[in-house]
1. Ignoring everything but the protein chains, give the 1.4 Å probe accessible area of THR213 in square angstrom, nearest 10.
2. On the protein heavy atoms, probe 1.4 angstrom, tell me the percent of accessible surface of the chain carried by carbon and sulfur.
3. Can you work out the accessible area per residue across the range 68-145, with the rest of the protein chains kept in place, probe 1.4 Å, in square angstrom?
4. In what sequence, largest accessible area first, do GLU309, GLU51, GLU180, GLU225 appear using a 1.4 Å probe?
5. Hey, if we sort ARG190, ARG272 by accessible area with the 1.4 Å probe, largest down, what's the order?
6. In whole Hz, what ³J(HN,Hα) sequence does the range 49-54 give by Karplus (6.51, -1.76, 1.60; θ = phi - 60°), x for Gly and Pro?
7. Using a 1.4 Å probe on the protein heavy atoms only, what accessible surface does HIS269 show? Give it in Å² to the nearest 10.
8. Going through the DSSP H helices of the chain, which span 24 Å or more along their own axis at the Cα atoms while scoring at least -1.0 as a mean Kyte-Doolittle hydropathy?
Amino acid sequence: MKAPLSLHYVVLLNVSLTLVALGMAIMSLRFGYVPLPASDVLAGLLGSADEKIVTIIRDLRLPRTILALLIGAATGLAGAVLQSLLRNPLAEPSVVGITGGASLGAVIALYFGLSAVFPFALPLSALTGAAIATIVLYLVAARDSSTLTLILVGMAIGGISLSLISLAMNLSPNPWAVSEIIFWLLGSVRDRSFADVTLAAPFIVTGIAVLLTLGKPLDALSLGEEAAQSLGMDLTRVRVLAIVGTSLAVGASVAVAGTIGFVGLVVPHLLRPLVGQMPSRLLLPSALGGAALLAAADVVVRLITVGPELHLGIVTSLIGAPFFLYLILKTRKIVR
């Protein structure tokens, strides 16, 4: 049996991941179509640089960087919580249908042209879609259903959302609308403003705060549902908090950036060997690691100068899809 990890080790890990995330944020502010030295970045943040540099830093790169950090933290943390809650190594936010619900809401706004009439129609519709998915899951969880039922309901919500998105694309009479839907679904934080940050940040931060409170309940749940209940754990409350926290964090993320997948799958798996088997010690590192990973991916898409800028969702899928396949094979004992 492995010795428990010391508090100093856990603190050192979290500090290290924080520094990595900050380093990625600095790189995100420095690199783009016009690379800038660190001195210009600092002057731009303080407003003492040339007007063009101030505009580049404050209006273009800073909102993009903040959203990448927030969305990465939200999806990384949500993945860690869902994997512990569902006791499924393949779980991520899309498993419970919240990502699909939010995407469907945004597609409805694009399909009916609401986003062209009202700028905030797209994020508000995405949040509404996530809320509807949350209500359905809440009604299931409130009846004290099993974890398997939650997974099945989530898959059903995701499947219905995907079918309706495909139907909207098929029925759209305007090819430009189809193109807009596709590009949005690919996921990106490009050309986002502080208006998007202001809209999404309160929901994402609230969702992250809710999910971070689930450490001890998830530790108890790792012993099994019966053991957790014998310790006085209210499993229905834990499920509801996990669903609500994930809905707020991931729903708001999808609302402003589209679908960016696999961060919630990859990050917890990479960090779990470093923190042992206690879910509570995985939550904060997963949030920090997710922020660092998505900020790094956003830097990579800007450094690739051949052709149009890649969408973040494509980059994370190229990383996550092979990793997902590996995990499937591993769980089937084909890969050790």
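1. My reading of the accessible area for THR213 is about 90 Å².
2. Carbon plus sulfur share of accessible area: 71 percent.
3. Ligands and nucleic acids excluded, the figure is 36 Å² per residue.
4. GLU51, GLU180, GLU225, GLU309
5. Ranked list, largest accessible area first: ARG190, ARG272.
6. The phi angles translate into 8, 4, 4, 5, 5, 4 Hz.
7. 40 Å²
8. Helices meeting the span and hydropathy rule in the chain are 7-30, 62-86, 121-142, 147-171, 194-212, 235-257, 280-303, 312-331.
The values are calculated or read from the model by the stated rules, or taken from the named source; none is laboratory data. As the structure is a computational prediction, the values presented were derived from the model and not from experiment. All accessible areas refer to the heavy atoms of the entire protein, side chains included, with ligands and DNA or RNA removed. Shrake-Rupley method; radii C 1.70, N 1.55, O 1.52, S 1.80 Å.
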